[in-house]
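A.B. asks: Below: one structure in structure tokens.
Where a number appears in this text, it was derived from the coordinates with a stated rule and is not lab data. Nothing here was measured: the structure is a model prediction, and the numbers come from that model. Cβ placement follows ideal geometry from the backbone for every residue including glycine, while neighbour counts extend to all protein chains displayed.
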Amino acid sequence: MTSDPLLALRPWEAPEVTSWGRLPMNAVDRRDGALPLDGDWRFQLLSAPHAPVGGAWSTSRVPGVWTMQGTDDLPQYTNVRMPFPQYPPASPAANPTGVYEREVDVPADWAGRRVVLQVGAAESVLLVHVDGRPVGVSKDSHLAAEFDLTALVRPGTSATVRLTVVKWSDASHIEDQDQWWHGGITRSVLLYATDPLHLADVTVRARYSGDLRVDCRVRDTGGALPAGWYLTGDLDGRPLAQDTEFDRANAEDERVSDFLGEARLLTTVPEVRTWNAETPELYDLTVRLHRADGTVADTSRHRIGFRDVEIVGRDLLVNGERVFIRGVNRHDFHPLTGRTVSYDDMRADLVLLKRFGFNAVRTAHYPNDPTLYDLADELGFYVVDEADIESHDHAHETADDPRYLGAFVDRVSRMVLRDKNHPSVIIWSLGNESDYGANHDAAAGWVRRHDPTRPIQYEGAAKLGWADPELASDIACPMYAPLEDCVAHALSGEQTKPLIQCEYSHAMGNSNGTLADHWAAIEATPGLQGGFIWEFWDHGILQRVSDGRPAGRGGAGLYDNGVAAPGYRWAYGGDFGETIHDGAFIADGVVFPDRTPKPAMYEHREIAAPVRIESYRHEGVVLTNHQHFRGFDWLAAVWELSLADGRTLTAPAELPELCPGETAAVPLPFALPEDGGEAWLTLRVTTARDLPWAPRGTEVCVPQIQLRQADVRREPVAAGSVEVDGEGLLVHPLLTVAPALSLWRAPTDNDELGGMAGRWRSWGLDALVRKVVSVREDAGQVTVRSEYAGTTGVVRHRQVFTPVAGGVRVEEEAELPEAFDDVARVGTVFETVAGLDLLEWFGQGPWESYPDRRAGAPVGHHSLPVDELFTPYLRPQESGGRHGVRRFTLSAPDATGLAVVLDEPRQVCVTRYRAEDLTAATHHDELVPRPGCVVHLDAAHRGLGTASCGPDTFPSYRVAPGVHRWSWTLRVL
């Protein structure tokens, strides 16, 4: 038996114990004047909570996770499964336990004051001792815990603070989020002091009308409150008034007590500047607690925004306006420090999201670092604040388990108490993927009583009935619901709640297909208001290949543009020796681990464009303001005209003064040349001035419209002949591998997890065997017929080679059997000689694009080095494609090379890797670039979809059986 009462309590296996000795959560910011305790602490990693502390101490950085700081307990990734077999509330006997210890010098001028220790977050059970004496216990890995140390420390002396963190516990069963498992103290630790008479909590209600109400709770650690205390406050220097009616009503209702004081301050701001995600106006609020003699005992400062959130019918309104929620799910993550993120990290996250058109964040799946909410207030984001509840593997059991009732209510209520004064928070979420039970209803009841100003959402309740008013979700927030189901619900006449998907497009690998189709339907269908992409980050951890361990903080600078430096790689599930893991499913973000945007980000940016070109008329084009609250005064623009003959014309643009939702016709900035062929008009929109999230000149969107179709011309046959080898393959001086039929792509994550790649392999598409049927030459033209045999069918293929001026035209036809009813691609693949390192093309770009993800890639003249065309998704797969390519050149530095002209806009891919190279590799450090270029010209290419976790691409983007025809011309430059 242990003599330590905290260990004797065994809180890691007692779900009824959510805390002991922990102070109530509040919304009073105590960072000013605090004593920071971050830095190196003495550290021991024990095998279990009861293991004795002894032997040599090492050091560990706080905040930080020990799983990223050189210990033998390494990160582990699981999605649904728990990493240990025990059922709730049990935890494994082998239970890594970190012991952190340091001396703290308590300032002498804190004498007579209340001294509080704040631990920002600890994963998953925190035990606190001071000078060997027990202080308290806390659970919830993503909220701060505070403990009153007044009776345990002496100002002017030193005290030894010990923080013991137990990794596995009963709480782990409701913290089963889809992310890396870590252990440690993940947010800052500090010590602060207040007067014994102090503000215990502050609740701000700032309305769109300009009405402000500030409710304050006051306590005194001495017991009874001293007589005569009172509150004052001001808003940007404007004094607030004491609500005497509130005081009178409290007295009459006998709500006044000796140990808890309540008071209310009021004001009304004329011509108030309201807060919303587009114009996030903030005011400075100061609240002061005075003693009877007028001296100030305590002060609390807040930045507040005036705004209303309400649901009217089936619409979510902000300040009376129906807003689209263009959201993303976000974890606290960093590739070098795990769960610990800095202010700069969080600001960079939100700045990037703002630049790419996002206006909302769901804090998946727990309250994020408090600084994130300050930044969301400042920069302008709508936040769905989500409680730290996810029981995935044991969801059904815990949702109704009365032993976990306190934990559910505790986690939800503490989140609300901490974050209630942030204008950015517009919705409370009861957690994620935890079934639905009485524990959720209890938590929802507490929220509705404490904060009736915001709606509640919970996907586990919503999935039982999108329109059911009895369930604890005010919003229908399904997860990966098929678009047709969402539209049908909105048109059914039965919808009663806003439909905003909590997750709707899964960003794993080369993904986010049909994103533009989703938003076209959302914007056209009343009742649909948007959703949240899963997710922001690829959670790759920078790993040293030599020893398989995390690079830790020392890895800074060892990655760039999404790629890890030689000798390092991005680790995912299974890379740290775990036997229980879920592989690369952790790499499902719209940015790479170093925050480099994936091509899908440009797709979203264009879908969210505030300026749209709606239509083309002979006299001009129609522009529309697709914002909710502001005009175009913050924007500047330039017109750009791209002509098929290679010319690009530019002209300044003057955006019209338009209110949200308004349209206006503007004249064409150019006289359209008669001899230019195909023509595209682009409006390049940038910021007109420096903004908190973007300097002047930052590109915001590039809306585009086609002004003239292409002329279809067939080149005449030229004298000469075409050389083929004995197998009927084209012989060409710039090709090392002749053009052949291609039906296979290196499977994307969606292909693998959605089951398509398995079907393609079963058909033998990854290893087709070619057989020449005939080779016939007629007047210089060569016709080659061949068959490509799989395991279940034969594809008939015909190539016709015709000499044309300066080159050869290749006409192709492929007949797919009915069994091949959904293949990856139908097209041509060939390889070039080395040295052709620059690709220039007329088509969509410059970003990677695919048939169902091309809205973010405008048609124009583009140029990139071949080595920059490939997109380094964490697990190598099909990537680097460009959609709608009309023609391209591959050239050497001396401008020699080859040119290809396509019969119509086609999908083209140029990289250094064959499909089989990418298919065989599990990480990028395994890839060896080929010296030449691997070129794919596709007559048809399957869309990407999101089938790794969500709907597949639409049937219109799939490759059907039957006859496919295409042609292209190859020339030497």
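A.B. asks: Order the peptides 172-181, 687-696 from the highest to the lowest mean number of other Cβ atoms within 10 Å of their residues. It would help to have the intermediate numbers written out before the result.
C.D. replies: Values: 172-181: 25.9, 687-696: 14.2.
With the highest mean Cβ count within 10 Å placed first, the list reads 172-181, 687-696.
A.B. asks: Continuing with the same structure: Give the total of Lys-Lys pairs in the chain with Cα-Cα distances below 22 Å; include a pair only if its members are 8 or more places apart or on different chains. Walk me through the numbers before you get to the answer.
C.D. replies: On the way: LYS139/LYS167; LYS139/LYS420; LYS354/LYS598; LYS463/LYS497.
The result is 4.
A.B. asks: Now, a different point. Please arrange THR514, THR624 by counting, for each residue, the other beta carbons lying within 10 Å of its beta carbon, fewest first.
C.D. replies: Details: THR514 25, THR624 19.
Ascending Cβ contact count within 10 Å gives the list THR624, THR514.
A.B. asks: How much length would be gained if the chain were fully extended between VAL963 and SER721, taking 0.36 nm per residue of separation minus their Cα-Cα distance, in nm to one decimal?
C.D. replies: Values: separation 242, 0.36 × 242 = 87.12 nm, distance 2.76 nm.
Value of the extension gain: 84.4 nm.
A.B. asks: Now for a different question. Quick check: pseudo-label points 7 Å beyond the Cα along Cα→Cβ at GLU484 and GLU926, how many nm apart are they?
C.D. replies: It works out to 3.7 nm between the two label points.
A.B. asks: Kindly identify segment 209-304 as rounded, prolate or oblate by the Cα gyration tensor criterion: order the square roots of the eigenvalues as a ≥ b ≥ c, call it rounded if a/c is under 1.5, otherwise compare a/b with b/c, prolate if a/b is larger, else oblate.
C.D. replies: Working: a/c = 2.44, a/b = 1.83, b/c = 1.34.
Cα axes put segment 209-304 in the prolate bin.
A.B. asks: Residues of segment 728-755 with backbone nitrogen within less than 14 Å of a virtual label 7 Å along the Cα-to-Cβ line of VAL972, please, listed as ranges.
C.D. replies: The answer is 731-736, whose backbone nitrogens lie closer than 14 Å to the label point.
A.B. asks: Using 0.36 nm per residue, how much length does the chain from PHE629 to TRP57 gain when fully extended, once their Cα-Cα distance is taken away? Intermediate values should be presented prior to the final figure.
C.D. replies: On the way: separation 572, 0.36 × 572 = 205.92 nm, distance 5.75 nm.
Once the chain is fully extended between PHE629 and TRP57, it gains 200.2 nm.
A.B. asks: Another question, if that's okay. Using 7 Å Cα-to-Cβ label points, what is the ASP778/ALA556 separation (nm, one decimal)?
C.D. replies: If labels sit at ASP778 and ALA556, their model points lie 7.1 nm apart.
A.B. asks: Hey, with R₀ at 51 Å, roughly what FRET efficiency would ALA524 and ALA438 work out to, going by the Cβ-Cβ distance, to 0.05?
C.D. replies: That gives a FRET efficiency of 0.80.
A.B. asks: A further question on this structure: Arrange the peptides 830-843, 709-722 so that the one whose residues have, on average, the most other Cβ atoms within 10 Å appears first.
C.D. replies: Numbers: 830-843: 19.8, 709-722: 11.1.
So the peptides 830-843, 709-722, ranked by packing, come out 830-843, 709-722.
A.B. asks: Another one. Ranked highest first by average number of other Cβ atoms within 10 Å, how do 261-273, 740-752 line up?
C.D. replies: Details: 261-273: 16.3, 740-752: 24.6.
Peptide ranking by packing, descending: 740-752, 261-273.
A.B. asks: Then there's this: What nm value, rounded to one decimal, do you get for the distance between LEU491 and HIS396 when each label is placed 7 Å out toward the C-beta?
C.D. replies: A separation of 3.6 nm, rounded to one decimal place.
A.B. asks: Looking at the chain, do any whole DSSP H helices span at least 20 angstrom along their long axis by alpha carbon and average 1.0 or above on Kyte-Doolittle, and which? Let's see the in-between values first.
C.D. replies: Numbers: long enough: 405-419 (22 Å, 0.33).
Sorted by number, there is nothing, because no helix extends far enough and scores high enough.
A.B. asks: How long is the gain from ARG288 to ALA565 if the chain were fully straight, where each residue apart is worth 0.36 nm and the alpha carbon distance is subtracted? It would help to have the intermediate numbers written out before the result.
C.D. replies: Working: separation 277, 0.36 × 277 = 99.72 nm, distance 5.29 nm.
That pair, ARG288 and ALA565, stretches by 94.4 nm at full extension.
A.B. asks: Loop only per DSSP, at most 16 neighbouring Cβ atoms within 10 Å: give me the chymotrypsin sites (Phe, Trp or Tyr not before Pro) in segment 11-64, ordered by residue number. Write down the numbers at each step before the final one.
C.D. replies: Numbers: sites: TRP12, TRP20, TRP41, PHE43, TRP57; in loops: TRP57.
Those that pass, being in a loop and sparsely packed, are TRP57.
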